[in-house]
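A quick write-up on the structure given underneath.
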Amino acid sequence: MNLQEYREFVRSQALRSEGDAFFNSSIDHASVVVENLFSIAKKEISILSGSFNPRVYGREDIIREARFFLAMSSNNRLRIILESDSEPDRTVHPFFKACCEFSNLELKVAPPGLQERYNFHFIVVDDRSFRYENNKDKPAAIAVFGDREIGEQLGKMYSDLWDQSGEPRSIKPI
């Protein structure tokens, strides 16, 4: 399936939201799934990532959807937990540069001891749709739009990781 066909497939999955799992294994596929997760979000997006790869999160389509989500309501919440973070790197990262003005974007860094307790990354939206990498060293993942049971489990797991990840970091430019 070429990238345009994949985009159409993922969009149909997002719109149907019937809980069907599908595999995605490349940076391009990840960005298509993440863009659609952002586009369907109604109240909360939670991301656990290593370094917030700009090849995924720095793409214009994702940034546009993120800005729209954050601007729609001050009650919307976008939380990001990173495993590695550098304030100077954040000032040049396209996503953070474009979204730093929003107070409903929050960032924390998982301490090393916490990172040793898991080997996965994920993004969960409204406790019902997600992209889950069971090996945080590879972009291969499953994605699901519309599975409340697993989505709620990931949401609870994320809240636990958030609570254990220290103080929020500033996202404002230096």
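Counting the residues of segment 105-117 that are outside any strand (DSSP E or B) and in contact (Cβ under 8 Å) with a residue 12 or more places away in the chain gives 4.
For segment 147-174, how many residues are surrounded by fewer than 18 Cβ atoms within 10 Å (Cβ to Cβ) and either at pLDDT below 90 or not in a helix (DSSP H, G or I) (or both)? Within segment 147-174, residues that are surrounded by fewer than 18 Cβ atoms within 10 Å (Cβ to Cβ) and either at pLDDT below 90 or not in a helix (DSSP H, G or I) (or both) number 9.
Listed here are the residues, each with its yes/no results for (1) under 14 Å from Glu83 (Cα atoms); (2) in contact with a helix residue (DSSP H, G or I) (Cβ under 6 Å, 6 or more places away or on another chain); (3) at pLDDT 95 or above.
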site: Asp127; (1), (2), (3): no, yes, yes
site: Tyr132; (1), (2), (3): no, no, yes
site: Ala140; (1), (2), (3): no, no, no
site: Phe145; (1), (2), (3): no, yes, yes
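Only one entry in Phe102, Phe68, Phe122, Phe95 is of a type in the set (Phe, Trp, Tyr), part of a strand (DSSP E or B) and under 13 Å from Ile45 (Cβ atoms), namely Phe122. Taken over segment 119-137, the criterion of being surrounded by fewer than 21 Cβ atoms within 10 Å (Cβ to Cβ) and without any contact (Cβ under 8 Å) to a residue 60 or more places away in the chain is satisfied by Asn119, Tyr132, Asn134, Asn135, Asp137.
Rundown of residues vs (1) within 27 Å of Trp162 (Cα to Cα); (2) touching a residue at least 40 places away in the same chain (Cβ under 8 Å); (3) among the hydroxyl-bearing types (Ser, Thr, Tyr), yes/no style:
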{"residue": "Tyr6", "(1), (2), (3)": "no, no, yes"}
{"residue": "Val10", "(1), (2), (3)": "no, yes, no"}
{"residue": "Val32", "(1), (2), (3)": "yes, no, no"}
{"residue": "Leu37", "(1), (2), (3)": "yes, yes, no"}
{"residue": "Lys43", "(1), (2), (3)": "yes, yes, no"}
{"residue": "Phe52", "(1), (2), (3)": "yes, yes, no"}
{"residue": "Arg59", "(1), (2), (3)": "yes, no, no"}
{"residue": "Met72", "(1), (2), (3)": "yes, no, no"}
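Yes/no per residue for (1) of a type in the set (Lys, Arg); (2) closer than 18 Å to Ala143 by Cα:
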site	(1), (2)
Met1	no, yes
Tyr6	no, yes
Arg55	yes, no
Val92	no, no
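The values are calculated or read from the model by the stated rules, or taken from the named source; none is laboratory data. Keep in mind the model is a prediction, meaning the values are calculated, not measured. Reconstructed Cβ throughout: ideal geometry from the backbone, glycine too, with neighbour counts over all protein chains shown.
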